[in-house]
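To start, the structure itself, in structure tokens.
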Amino acid sequence: MTTSAAESVNENQRPPRTITVSVNNQQVELPEHRVTGLEIKQAAIAQGVHLQPNFQLSVKRGNRYEVVGDNDTVTVHPNQEFLAVAPDDNS
């Protein structure tokens, strides 16, 4: 196989695309644009963010945060901000 043939094979194989968001001010890589609240929390936990699966997740929309349920599907965008707080945290 020549170098140019190998390069053309590699061009047809797209690298996995990830979306980087922040959860509690820590970067988290997500594998897709459409994920559930639970998938966001699971990815954050797997990547070292200190939170629990039962934490309440919210997404920043302008100057406020909107709650994202575990089964809610969210279309994420690069650098989008999420906040996860313990269920008993009234802050």
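The values are calculated or read from the model by the stated rules, or taken from the named source; none is laboratory data. In this text, all values refer to a predicted model and were calculated from it rather than measured experimentally. Using ideal geometry, Cβ is built from the backbone for each residue, glycine included, and neighbour counts are taken over all protein chains shown.
For region 41-55, give me each residue that is in contact with a strand residue (DSSP E or B) (Cβ under 6 Å, 6 or more places away or on another chain) and aliphatic (A, V, I, L, M). Within region 41-55, Ala43, Ala44, Val49, Leu51 qualify. Scanning region 72-91 for residues that are farther than 18 Å from Ile19 by Cβ and either part of a loop (DSSP other than H, G, I, E, B) or of a type in the set (Ser, Thr, Tyr) (or both) yields a count of 6. Restricting region 53-91 to residues that are among the small types (Gly, Ala, Ser) and closer than 15 Å to Asn24 by Cα leaves a set whose member that is modelled with the lowest pLDDT is Ser91.
For region 11-52, residues that are at pLDDT 95 or above, in contact with a Leu (Cβ under 7 Å, 6 or more places away or on another chain) and polar (S, T, N, Q) total 1.
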